[in-house]
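Please read the structure below before turning to the comments.
The values are calculated or read from the model by the stated rules, or taken from the named source; none is laboratory data. Computed from a prediction, not measured in an experiment: that's the story for all the values here. Neighbour counts are summed over all protein chains in view; Cβ atoms, including those assigned to glycine, are modelled from backbone coordinates with ideal geometry. Note: areas computed on protein heavy atoms with side chains; ligands, DNA, RNA excluded. Shrake-Rupley method; radii C 1.70, N 1.55, O 1.52, S 1.80 Å.
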Amino acid sequence: MTEFVLQRQNTDTIEQSQPRERIRRLVWKLCVATLILMAIGSATRVMNAGLACPDWPLCYGTLVPTQQMNFQVFLEWFHRLDAALIGLGAIALTVVSWWNRNFLPRWLPWAAIFALSLIVFQGVLGGLTVTELLRFDIVTAHLGTALLFFSALLVIGTALTPYQGTGNAGKLAWLGLAAAVLVYVQSLLGALVGSRWALHQCLTGQQLCSVMYSHIGGVVPPTLATLVLVLLSWRTPALHPALRRLANMAGGLILLQILLGLATFRLHLQVEPLTVSHQFVGAALLGVLVGYTVLAIRDVYGGSRSDRAGLNRPAA
């Protein structure tokens, strides 16, 4: 009888873990696709391909504009294709989460709906960037929403990742959150500089210099917050190795980001791969800080050993 009960419990555990694992794999795939999407979007902007497809959602009235295809058209078309695939993935995430909600944490279906709403709003902004001829505030909001969607996916994926905390993170979770918010704001300032071509206008005509200098000066708060996070992570005894690795990654990325920013400024945005790398590394830095924050919060609340944070609590 005891063996039958144990066997039944093991079967139930496997059945409950399968949808959770499928969702976790889907979320990480969407994270990678979103990071690539943002890099393609940056390349589309710096290559002046934002209006290569003059209509929306089609491109020259077709799904695949083979007759008009060149490098610029391909960038804009592939950017839309990747966005559409991510949108389908977000729909699948929501459907699967609600279908298996009895075996999943209670917050997960609602988090999936939030992510889906962000990608729908992102699609609307994508259409407006074309119809409104790359209006700078819409372009800035377009990137800001993409970063929010990317962060939401990272929160979901990191929360579903098996993790046994040590309980020593303390206030590092709040420091990680502060650093992530500062990096996000700095990314918006960078998007504003890019969408208004503030660097070119300031260097050639002394216009929009305040916008450019706000981004240059804005590098200080996120840099200090990230470096303090790295230092305190090194000095915190018995900190989980995953948190130490993420802190080291954040420190390396912030230094690389500063070097890329200096290079793009010195070269006046003339080297497109540098400009694209600058935005890509900024998004990656934000992702590392978001992952660090979620793991640190799980560490504070007992990680997988406790349901106090609601991370592993299945629905009733």
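Within the stretch 121-131, is even one residue open to solvent by 30 Å² or more (accessible area, probe 1.4 Å) and of a type in the set (Phe, Trp, Tyr)?
Looking through the stretch 121-131, at least one residue is open to solvent by 30 Å² or more (accessible area, probe 1.4 Å) and of a type in the set (Phe, Trp, Tyr).
I'd like the full set of residues that are under 27 Å from residue 134 (Cα atoms) and either of a type in the set (Val, Ile, Thr) or in contact with a Phe, Trp or Tyr (Cβ under 9 Å, 6 or more places away or on another chain) (or both), limited to the stretch 78-109.
80, 86, 90
Return a yes/no flag: does the stretch 139-160 have any residue that is open to solvent by 10 Å² or more (accessible area, probe 1.4 Å), more than 22 Å from residue 289 (Cβ to Cβ) and modelled with pLDDT under 95.
Taking every residue of the stretch 139-160 in turn, at least one turns out to be open to solvent by 10 Å² or more (accessible area, probe 1.4 Å), more than 22 Å from residue 289 (Cβ to Cβ) and modelled with pLDDT under 95.
For the stretch 31-70, name all the residues that are in a helix (DSSP H, G or I), of a type in the set (A, V, I, L, M) and open to solvent by less than 50 Å² (accessible area, probe 1.4 Å).
The answer is 33, 35, 37, 38, 39, 40, 43, 46.
If we scan the stretch 118-135, do we find a residue that is at pLDDT 95 or above and either among the hydroxyl-bearing types (Ser, Thr, Tyr) or over 23 Å from the mean Cα position of the chain (by Cα) (or both)?
No, the stretch 118-135 contains no residue that is at pLDDT 95 or above and either among the hydroxyl-bearing types (Ser, Thr, Tyr) or over 23 Å from the mean Cα position of the chain (by Cα) (or both).
Can you tell me which residues in the stretch 100-120 are part of a helix (DSSP H, G or I) and in contact (Cβ under 8 Å) with a residue 40 or more places away in the chain? Let's see the steps before the verdict.
Here is the first cut: in the stretch 100-120, the ones part of a helix (DSSP H, G or I) are 101-103, 107-120.
Correct list: 101, 102, 103, 107, 108, 111, 112, 115.
Provide a single number: the residues in the stretch 259-316 that are at pLDDT below 85 and farther than 26 Å from residue 198 by Cβ.
16
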